[in-house]
Structures are given as C-alpha cells and as structure tokens.
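Worksheet for the structure shown next.
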Amino acid sequence: MQEKNFSEEEIDEALSRCQAKNWQSDRRFSENYLNSRAQKGYGVGRIRQELLQLKGVSSDIVDEILMESEIDWYEMAENLLRKKFPNYNEQQTPKMKQKIWQYMLSHGFRSDEFTDLIGQNQSEWD
C-alpha cells in the first residue's frame, strides 16, 4: 500500500479492519496450510517445521492447530505408501526398505506412523 502512496494512517486502518474480520490471522492461515500440506502427503513433522521456520508462525499456534486437527496421520502415511510404493507390503530388499524409510521421514512422518504398515522396524533392515 505504501507503493500506491497510501498514508500510514490509511494502511493501519486497513490492517485493523482485516484483523477485525479475521482476514489476517496466523491461526486461520495455519489451519489452511496444515490441511493443504496434509492433502499433498506431508506429515506432522514436516508441516510443523514449515510453519515455524518458513512461515514464521508462533509455536503456540502451531501446537494448538496440530492438537486440534482431526487428521488421521496413520491413514495419511498408509495412503502415501500405497501411492508412492504400491508393493510396499511385499518382501523388499534392504536398499528398498531404506528408501521407503527415508522417503517417509523426509515427508514428516514419525517412524511409529508407518513401521507397522511395512511390517518391520528399522533395525531389521540392516
């Protein structure tokens, strides 16, 4: 708005109106971001990190929306595994098992959200 030569008073007034109507809300943004990223196959760890580090949302807000979320992360992990590795539940080579493990962790899923799905824990993959 400064580039369009609005005064500081006009800018402050516009921001106040946006905040009053909940158009500018870290909480609402975070809820939408959480749902959007979850639909794209990202887990809690990755989404939390992105909100905190890339988007600058406070940890209190991030923790609140994650606790209130009704997303079934186990189901999300299963859907991602099925999509990316259609044969994930069949016998895999150690190299392929490691690839699956790294992929899931890099997408923000905790090991307890997917190890049951692949039928083994990481120590058995060596």
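Restricting the range 101-115 to residues that are aromatic (Phe, Trp, Tyr) and assigned to a helix (DSSP H, G or I), which is surrounded by the most Cβ atoms within 10 Å (Cβ to Cβ)? This residue is TRP101.
Assessment of the range 83-100 against the conditions (under 14 Å from the mean Cα position of the chain (by Cα), of a type in the set (A, V, I, L, M, F, W, C) and assigned to a helix (DSSP H, G or I)) yields no matching residue.
If you scan the range 76-111, which residues turn out to be under 21 Å from GLU50 (Cβ atoms) and of a type in the set (D, E, K, R)? If the condition is that a residue be under 21 Å from GLU50 (Cβ atoms) and of a type in the set (D, E, K, R), then LYS83, LYS84, ARG110 are the ones that fit. Put simply, of SER111, SER123 the only residue that is at pLDDT below 95, touching a Leu at 6+ places or on another chain (Cβ under 8 Å) and not acidic (Asp, Glu) is SER111.
With respect to being farther than 24 Å from ARG28 by Cα, out of contact with any Leu (no Cβ under 6 Å at 6 or more places or on another chain), modelled with pLDDT under 95 and surrounded by 13 or more Cβ atoms within 10 Å (Cβ to Cβ), LYS97 fits the description.
To keep it simple, each residue is scored yes or no on (1) out of contact with any Ser or Thr (no Cβ under 8 Å at 6 or more places or on another chain); (2) in the same structural domain as ARG110 (by TED's automatic domain parsing); (3) closer than 14 Å to ARG110 by Cβ; (4) among the small types (Gly, Ala, Ser).
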position	(1), (2), (3), (4)
ARG46	no, no, yes, no
LEU52	no, no, no, no
GLY56	yes, no, no, yes
ASP63	yes, no, no, no
ARG82	yes, yes, no, no
PHE85	yes, yes, no, no
LYS95	yes, yes, no, no
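For (1) surrounded by 11 or more Cβ atoms within 10 Å (Cβ to Cβ); (2) in a helix (DSSP H, G or I), each residue gets a yes or a no:
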| position | (1), (2) |
| --- | --- |
| PHE6 | yes, no |
| GLN19 | yes, yes |
| ARG27 | yes, yes |
| ALA38 | yes, yes |
| GLU50 | yes, yes |
| GLN53 | no, yes |
| VAL57 | yes, no |
| ILE65 | yes, yes |
| GLU70 | no, no |
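On inspection, ASN32 does not qualify as in a loop (DSSP other than H, G, I, E, B) and either without any contact (Cβ under 8 Å) to a residue 60 or more places away in the chain or surrounded by 14 or more Cβ atoms within 10 Å (Cβ to Cβ) (or both).
The values are calculated or read from the model by the stated rules, or taken from the named source; none is laboratory data. Quick caveat: nothing in here was measured; it's all calculated off a predicted structure. We place every Cβ from the backbone using ideal geometry, glycine too, and count neighbours over all the protein chains shown.
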